[in-house]
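Take a look at the structure below.
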Amino acid sequence: MLRAFTAIPYAWLVVLFLVPFAIVAKISLSDYAISIPPYTPTLDLAAGWEGVRAFFSELDFENFVFLTEDELYWKAYLSSLQIAILSTFLTLCVGFPIAYGMARAPEEWRPALMMLVILPFWTSFLIRVYAWIGILANEGFLNQFLMWIGVISEPLQMLNTNTAVYIGIVYTYLPFMILPVYASLERMDPSLLEAAEDLGCSRMSAFWHVTWPLARPGVIAGCFLVFIPAVGEFVIPSLLGGSGTLMIGKVLWEEFFNNRDWPVASAVAIILLLILIVPIVLFQRHEAKEREAGR
């Protein structure tokens, strides 16, 4: 019975991850063709073993070679990584103090504070991003407010810039940073800080020697939860970013739907997946070695 229950998540991963990944990997090794589907070769089972052998013989890595030769793609990868890393850092800078304040708040206030963090999820993601268009536009609320208080004399160009993309990503993924950090800090015993201060640590020193190490698992989890979707983000750069905002999610969409070049788009997706998975696997191995050394 136990094996049957443990087989469920593995079956889920096989059906919803491994099989789609295999399909995308196959298309990435195919060639563009004006047909339905828009790639070749396709497997002809009616031809038997000869059809299978011919199918695999026509697969190649030309699309991956093409990605290395066209600077658009590697620039898009680098730009996406830069935006995702900076957005993750900004989200941590904003989210950590909020999570710390929630963890140190009286227990009767914590459910209400948690509800305020989760509340944006009750509204559609797309509507929330569209709302920022009205806030950041030249005639939007933010520019009107800044001119009303006298900070600026004319509207600032905030929409269709990388700054708007950073704002959109930080706002959208902020709960994903707050919740795991709060879960780590909420379990921390306040007496540990008191003991550190009694032993001569300043508040800042006690924070770095006690609070930060205990919050580290939540910080790492939050950074992964923000960084991974931010790298492949499409909606936010499309709506808030300008033509100069280059992210791999936009390139992927254009290859699939504008150019209908499914093989190249699949190769782009495979490389993006490897960029995300390889660091995570290496980090997990490092953490496992540290736990074994600690024992």
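Nothing in this text is a laboratory measurement; each read-out follows from the coordinates by a stated rule. Because the structure is a prediction, the values reported are computed rather than measured. Don't worry about glycine lacking a Cβ; one is built from the backbone with ideal geometry, like all the others, and counts go over all protein chains shown.
With both labels modelled 7 Å from their Cα along Cα-to-Cβ, the VAL19 to GLN284 distance reads 2.2 nm. Farthest toward the positive end of the dipole of region 14-78, out of THR68, LEU18, LEU43, is the Cα of LEU18, where the dipole comes from beta carbon charges about the Cα centre. Distance distribution P(r), region 1-60, all Cα-Cα pairs, bin width 5 angstrom from 0: 4, 17, 16, 18, 15, 10, 8, 8, 4, 1, 0 percent.
Ignoring lysines fewer than eight residues from LYS250 along the same chain, the ones with Cα atoms less than 20 angstrom from its Cα are LYS75. Between ASP31 and THR40, the built amide H atoms are under 5 Å apart, and every one of these is 5 or more places off in sequence or on another chain.
Here the simple spin-label model places points 7 Å from the Cα toward Cβ, and for SER205 and LEU43 these points are separated by 6.5 nm. When the chain is treated as a Gaussian network with alpha carbon springs shorter than 10 Å, the biggest mean-square fluctuation among GLN284, GLN82, GLN157 belongs to GLN284.
Length available on full extension from ASN258 to GLU69: 0.36 nm per residue minus the Cα-Cα distance, which gives 66.0 nm. For the chain, the dipole from Cβ point charges (+1 on Lys and Arg, -1 on Asp and Glu) about the Cα centre works out to 700 debye, to the nearest 20. Taking GluC sites (Glu not before Pro) that fall in a DSSP loop and have at most 14 other Cβ atoms within 10 Å as cut points, what is the longest piece of the chain between them? After excluding every exposed loop site, the longest remaining stretch is 140-295.
Between the C-alpha center of region 1-45 and that of region 104-122 there is a gap of 41 Å. How would region 13-171 be classified by its alpha-carbon gyration tensor: rounded, prolate or oblate, with rounded meaning a/c under 1.5 and the a/b versus b/c comparison settling the rest? Taking the square roots of the gyration eigenvalues as a ≥ b ≥ c, region 13-171 is prolate.
Using a Gaussian network model of the chain in which every pair of alpha carbons under 10 angstrom is joined by a spring, one finds that among TYR166, TYR130, TYR182 the greatest mean-square fluctuation is at TYR130.
Given the alternatives (i) 19.5; (ii) 20.8; (iii) 22.9, Kirkwood radius over Cα pairs in Å as computed for this entry is given by (iii). Within the listed set TRP148, TRP74, TRP12, the residue fluctuating most in the Gaussian network model of the chain (springs between alpha-carbon atoms under 10 angstrom) is TRP12. Between the C-alpha center of region 234-267 and that of region 138-158 there is a gap of 31 Å. Placing pseudo-labels 7 Å out from each Cα toward the beta carbon at PHE141 and ARG291 gives an inter-label distance of 4.4 nm.
Computed extension length for MET114-GLN157: 12.1 nm, one decimal, from 0.36 nm per residue of separation with the Cα-Cα distance subtracted.
Panel order for PHE89, PHE224, by other beta carbons found within 10 Å of each beta carbon, from fewest to most: PHE89, PHE224.
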